[in-house]
1. Roughly speaking, what is the stretch gain from residue 236 to residue 201, that is 0.36 nm per residue apart minus the C-alpha to C-alpha distance, in nm to one decimal?
2. When 143, 249, 255 are ordered from fewest to most other Cβ atoms inside 10 Å of their Cβ, what list results?
3. Tell me the angle of helix 15-26 to the major Cα principal axis of the chain, expressed in degrees between 0 and 90 and rounded to the nearest ten.
4. Have a look at 313, 178, 76 and report the one farthest towards the positive end of the charge dipole of the chain, computed about the Cα centre with Cβ charges (Lys/Arg +1, Asp/Glu -1).
5. What ranking do 155, 96 get, fewest neighbouring Cβ atoms within 10 angstrom at the top?
6. Could you give the angle, 0 to 90 degrees to the nearest 10, between helix 133-142's Cα long axis and the longest principal axis of the Cα atoms of the chain?
7. Fewest Cβ neighbours within 10 Å first, please rank 109, 219, 303 accordingly.
8. Nearest 10 degrees, 0 to 90: what angle lies between the long axis of helix 47-59 and the longest principal axis of the chain (Cα atoms)?
Amino acid sequence: MTTPVTVTVTGAAGQIGYALLFRIASGQLLGPDTPVRLRLLEITPAVQAAEGVALELEDCAFPLLAGTDITDDVAAAFDGTNVALLVGARPRTAGMERGDLLEANGGIFGPQGKAINDGAADDVRVLVVGNPANTNAYIAKSHAPDVPADRFTAMTRLDHNRALSQLATKTGAAVSDIARLAIWGNHSATQYPDLTHATIAGRPALEVVSDDAWVADDFIPTVAKRGAAIIAARGASSAASAANAAIDHVHTWTHGTPEGDWTSAGVVSDGSYGVPEGLISSFPVTSSGGAWQIVQGLEVDAFSRERIDASVAELVEERDAVASLGLV
Ligand code: NAX
């Protein structure tokens, strides 16, 4: 058997963790030939629940699962880790101001970034799922000066997948016929799901849709506010679809994007498309050789520009807020 890849999952006893761990252990994250060792990080009061999840993992007898360790110690959780899925975060509770939320998350993602810096494997790849995902990834990256910045990413793949499904439903196309759709900006209600470069079976998607009002008044808000719609319907936030998107993100990162297509991910900006360098913003991205590349040279029309700028402005505000709180 080849050496197992160590995958750390934080917030492992939470609802996304429960939907995620079994898929990782079954081989869907890294492929059917790669054994994995799981490290579950939880806060002390939730360690027992994580132990229960580990019992269930054991009961699946996954051939690829080389073992499961559970800890509430941040340094131990990331020691030697190859893939870090940062899911656990401090949710916003009633009466909490944005500064309080950022501060609470700074207290989580700062130390986790430092532990990754100090102990993770040289090839570590980090995906932040816990919200506010882009800024939490920014905080973690800021505490890991020895890790290449492009190893820190934030999840917008769920938004991307939601957009694919909405477009498929509207046009009657198969999801697999849709290419080159993009999510720009922050994983928040300001995000911009962009159809201007998308194609359906090779035809421009906007030509197939042929309904500008649907794009502005239906498609964009439906994708951007889908998380709230799930909470309203289910009484709980997205979990299985979020876990699925995390699997997709890491699988694409390690296995690459198909020729001629791209996906969306929150990656460190190199200044492309006027997004300030260093921000973790969603872009259309390709992956090859285990690294993301921002798709270059796309034409950005006035409609798109306005929306990208609005979402990026929110990211700049969040960055400035965490800087003024001394969290980075
Ligand atoms: P849950 O509340 O079910 O689980 C979170 C778990 O994290 C809990 O078990 C908690 O004990 C643990 N935790 C808290 N602080 C921790 C710390 N310092 N170290 C380790 N574990 C810690 O939330 P769940 O539904 O699983 O969602 C997790 C996060 O994903 C939330 O921040 C949520 O907002 C975010 N989401 C992000 C999405 C995205 O597309 N980027 C979509 C889904 C989801 O809303």
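No value in this document is a laboratory result; all are computed from the given coordinates. Because the structure is a prediction, the values reported are computed rather than measured. Note that each Cβ is placed from the backbone with ideal geometry, even for glycine, and that neighbours are counted across all protein chains shown.
1. Taking 0.36 nm per residue and subtracting the Cα distance, the gain is 9.0 nm.
2. 255, 143, 249
3. It is inclined by approximately 80 degrees.
4. With unit charges placed on the Cβ atoms, the residue in question is 178.
5. The fewest-first ordering by Cβ neighbours comes to 96, 155.
6. Approximately 60 degrees, to the nearest ten.
7. Taking fewest neighbouring Cβ atoms as first place, the list is 303, 219, 109.
8. 90 degrees
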